[in-house]
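Only one structure is covered here, and it is reproduced in the block below.
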Amino acid sequence: MEDLLQVGVITQPHGVRGEVKVFPTTNDVKRFKKLKEVVLDTGKERITLEIEGVKFFKQFVILKFKGFDNINEVEKYRGKSLLVTRENAVKLGRNEYFIADLIDMAVYDEYEQYLGVLTNVIETGANDVYEVKFEDGREVLFPAIKQCILDVDMESRKMKVHIMDGLLD
């Protein structure tokens with residue numbers, strides 16, 4: 001399992017005083033108010049940044065990092081991911097999972113027949129959809145509903161699913 005989880009992506013600088021506009025990749029955008037630090041993934045290194053200020057603008061979060069006081073210092077971080085450690089991650093409820101933990105999980109049917117690997121989670125609004133790549137190369141979409149997803153075992157990295165009528169047609 002990943003030690004760091006993505007909470008947002010820097011889209012661009014905001015103003016000239018070192019603030020950045022962040023597209024949140026978390027379900028709870030207000031969580032940024034409680035965060036004291038994030039990890040910036042530059043692609044070459046990971047840098048821990050202390051959050052000095054948080055504002056909200058439309059669907060974006062405006063962050064100010066301690067020690068970054070002008071546009072030139074943050075411009076180079078466009079498109080870079082902001083991560084949090086598991087300790088700083090939101091607490092999950094029952095039957096809730098981090099997407100990063102589901103990716104590459106082995107998927108079996110209710111008769112313990114191996115189907116394939118979960119390759120993607122599509123967030124639709126009503127319910128998530130799990131994309132599973134079968135051994136024969138087909139990609140099948142499973143709605144993340146209790147009638148379809150029977151069990152998720154994080155320790156053994158196995159998911160058990162019920163193939164609903166018409167799902168493979």
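A compact table of results
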quantity	calculated
Number of positions in the range 93-104 that are of a type outside the set (Gly, Ala, Ser) and either over 17 Å from Leu5 (Cα atoms) or not in a loop (DSSP other than H, G, I, E, B) (or both)	5
Scope the range 27-48; condition surrounded by 19 or more Cβ atoms within 10 Å (Cβ to Cβ) and either free of Cβ contacts under 8 Å to residues at least 12 places away in the same chain or within 15 Å of Phe60 (Cα to Cα) (or both); matching residues	Phe32
Output for the range 123-139, where each listed residue is assigned to a strand (DSSP E or B) and more than 23 Å from Glu96 (Cβ to Cβ)	Lys133, Phe134, Glu139
Number of positions in the range 105-159 that are over 17 Å from Asn95 (Cα atoms) and in contact with a His (Cβ under 8 Å, 6 or more places away or on another chain)	2
Residue that is of a type in the set (A, V, I, L, M, F, W, C), in contact (Cβ under 8 Å) with a residue 60 or more places away in the chain and within 29 Å of Val9 (Cβ to Cβ), where the choices are Phe142, Phe98	Phe98
Failed criterion for Asp136 (all others in (1) at negative phi; (2) assigned by TED's automatic domain parsing to the domain that holds Lys36 hold)	(2)
Sole exception among (1) over 19 Å from Ile71 (Cα atoms); (2) part of a strand (DSSP E or B); (3) of a type in the set (A, V, I, L, M, F, W, C) for Leu49, by number	(1)
Single residue of the range 146-169 satisfying the filter (basic (Lys, Arg) and assigned to a loop (DSSP other than H, G, I, E, B)) that is surrounded by the most Cβ atoms within 10 Å (Cβ to Cβ)	Arg157
Subset of the range 67-92 (residues that are among the basic types (Lys, Arg), in a loop (DSSP other than H, G, I, E, B) and surrounded by 11 or more Cβ atoms within 10 Å (Cβ to Cβ))	Arg78, Lys80
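The values are calculated or read from the model by the stated rules, or taken from the named source; none is laboratory data. Remember, it's a predicted structure, so these values are computed and weren't measured experimentally. Quick reminder, even Gly has a Cβ in these numbers, built from the backbone with ideal geometry, and neighbours come from all protein chains shown.
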